[in-house]
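See structure below.
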Amino acid sequence: MPASRLNLRHGPIEVGYVRPGMGEEMVTTTRDGEVCIVRLQREAKLNALSEQMAAQLIAAFGSGDVTGSRVVVLAGSAKAFSAGADLTEFTDPSPEETIRYYRGPGRIWELLPELPQPSIAAISGWAIGGGLELALSADLRVADETARFGLPEVSLGILPSAGGMSRLVRLLGTARAKQLILLGERFDAARALELGVVNRVVPEGEAETAALEWAQKLAEQPQAALQITRELIDRSAEMSLAGSLAAERLAQGMLAHSADSYRADR
Ligand code: COA
């Protein structure tokens, strides 16, 4: 279908390109040694992920602060990691628009997995819908006691299509994923830990400090081993056992000869 016949909600956004846009600064990056903190800071709207904010997030992930770091921590504010997609921008998109969305602003849910370095989500307050899906796209999740989670999409007549369904199934298994997605109930940090949605729960206000602590440890690991093992863990879930075993042994052979290997001291 010619582009002119599509009523494209997302205007001139092209595949592989999103305009950062001007105006309010909703995303910042800070370097702390080898660690980069990417912060969502649209607190008045509980970090609802508007298209402008998504464009800023995409730009942040392309910045030197992120590309030059060894570990990325994605943090929100005290009240919210993120309350999900910006509901004021919800329309009635056509199938073409939906696909175009996920190739444009909706790429934010693929940014962390596509990085070569590991990532940690530091969660305080609300992590709802697309906000929880963003946290699920990180390698590890640290929440404080104020964190509240939920996937309300099915109750809105849609589904968690920003990776929430696919990632939760892989993380928790089908029974627990169905429970959280189909019932759409909110749950707290203790329950998130029990289910395996988060890796660690810390006292109120300490999520970022705890995430930075882990990030520092990751930054100190031999980097080739860290990055290759992280990638193989992700790929392993989609491979046969025989294929995965072969891959880990091939990688072992390669890493044993890397500059960081214990063998390098010999
Ligand atoms: N999109 C756009 N704006 C949002 C938003 C979202 N997803 N979530 C919160 N906001 C805005 C509110 O409209 C409000 O703005 P206002 O002060 O200008 O009126 C502000 O953020 C604070 O939200 P509020 O609802 O007053 O906070 P709360 O503490 O009472 O409730 C939530 C928090 C998360 C339970 C509630 O905001 C909510 O249900 N949000 C929508 C979650 C959602 O459905 N996400 C999308 C899933 S697909």
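The values are calculated or read from the model by the stated rules, or taken from the named source; none is laboratory data. Bear in mind the structure is a predicted one, so any value in this text is a computation, not a measurement. Cβ sites come from the backbone with ideal geometry, for glycine too, and all protein chains shown count toward neighbours.
State which residue pairs qualify: first residue at positive phi and inside the range 109-138, second residue surrounded by 24 or more Cβ atoms within 10 Å (Cβ to Cβ) and small (Gly, Ala, Ser) in any location, beta carbons under 6 Å apart, and separation of 6 or more residues or different chains.
GLY125/ALA80; GLY129/GLY84
Give me the strands (runs of 3 or more DSSP E) completely within the range 122-170, filtered to those with at least 3 residues that are of a type outside the set (D, E, K, R), ordered by residue number.
Answer list for the range 122-170: 126-128, 140-144.
Give just the number: which of (1) assigned by TED's automatic domain parsing to the domain that holds PHE81; (2) over 28 Å from ASP86 (Cβ atoms); (3) touching a residue at least 24 places away in the same chain (Cβ under 8 Å) does GLN227 not satisfy?
With (1) assigned by TED's automatic domain parsing to the domain that holds PHE81; (2) over 28 Å from ASP86 (Cβ atoms); (3) touching a residue at least 24 places away in the same chain (Cβ under 8 Å) applied to GLN227, the lone miss is (1).
I'm trying to understand the selection: among the residues of the range 97-127, which are in contact with a strand residue (DSSP E or B) (Cβ under 6 Å, 6 or more places away or on another chain) and within 16 Å of the ligand (Cβ to nearest atom)?
Correct list: ILE123, SER124, GLY125, TRP126, ALA127.
Could you grab me the full set of residues in the range 28-72 that are assigned to a strand (DSSP E or B) and under 14 Å from the mean Cα position of the chain (by Cα)?
Within the range 28-72, ILE37, VAL38, ARG39, LEU40, LEU49, VAL71, VAL72 qualify.
For the range 211-218, indicate whether the set of residues that are touching a Pro at 6+ places or on another chain (Cβ under 9 Å) and buried (at least 16 other Cβ atoms within 10 Å of the Cβ) is non-empty.
Yes - at least one qualifying residue is present in the range 211-218.
For the range 65-96, which positions are among the acidic types (Asp, Glu), away from the ligand (no atom under 12 Å from the Cβ) and under 20 Å from LEU40 (Cα atoms)?
ASP65, the sole residue that qualifies.
Just name the residue that is surrounded by the fewest Cβ atoms within 10 Å (Cβ to Cβ) out of those in the range 128-153 that are of a type in the set (A, V, I, L, M, F, W, C) and within 10 Å of the ligand (Cβ to nearest atom).
ILE128
Answer yes or no: is there a residue in the range 196-209 that is among the hydroxyl-bearing types (Ser, Thr, Tyr) and within 21 Å of PRO113 (Cβ to Cβ).
No, there is no match, as no residue in the range 196-209 is among the hydroxyl-bearing types (Ser, Thr, Tyr) and within 21 Å of PRO113 (Cβ to Cβ).
Within the range 62-74, can you find the residues that are surrounded by 15 or more Cβ atoms within 10 Å (Cβ to Cβ) and more than 22 Å from GLN221 (Cβ to Cβ)?
Matches in the range 62-74: SER63 only.
Considering only the range 73-106, how many residues are in a helix (DSSP H, G or I), of a type in the set (D, E, K, R) and closer than 20 Å to LEU151 by Cβ?
Here the count works out to 1.
Got a number for residues in the range 181-211 being outside any helix (DSSP H, G or I), of a type in the set (A, V, I, L, M) and more than 25 Å from VAL73 (Cα to Cα)?
0
Exactly one condition in (1) among the polar types (S, T, N, Q); (2) under 28 Å from PHE90 (Cα atoms); (3) in contact with a Lys or Arg (Cβ under 9 Å, 6 or more places away or on another chain); (4) away from the ligand (no atom under 12 Å from the Cβ) is false for ASN199; which is it?
For ASN199, the exception is condition (2).
How many of the residues in the range 115-127 are of a type in the set (Val, Ile, Thr) and surrounded by fewer than 24 Cβ atoms within 10 Å (Cβ to Cβ)?
Result for the range 115-127: 0.
Just to check your reading of the model, which residue among LYS178, LYS217 is under 30 Å from TYR101 (Cβ atoms), without any contact (Cβ under 8 Å) to a residue 60 or more places away in the chain and either outside any loop (DSSP other than H, G, I, E, B) or not assigned by TED's automatic domain parsing to the domain that holds SER124 (or both)?
Exactly one of LYS178, LYS217 is under 30 Å from TYR101 (Cβ atoms), without any contact (Cβ under 8 Å) to a residue 60 or more places away in the chain and either outside any loop (DSSP other than H, G, I, E, B) or not assigned by TED's automatic domain parsing to the domain that holds SER124 (or both), namely LYS178.
Failed condition for LEU172, given (1) over 21 Å from GLU43 (Cβ atoms); (2) within 12 Å of the ligand (Cβ to nearest atom), with all others met?
(2)
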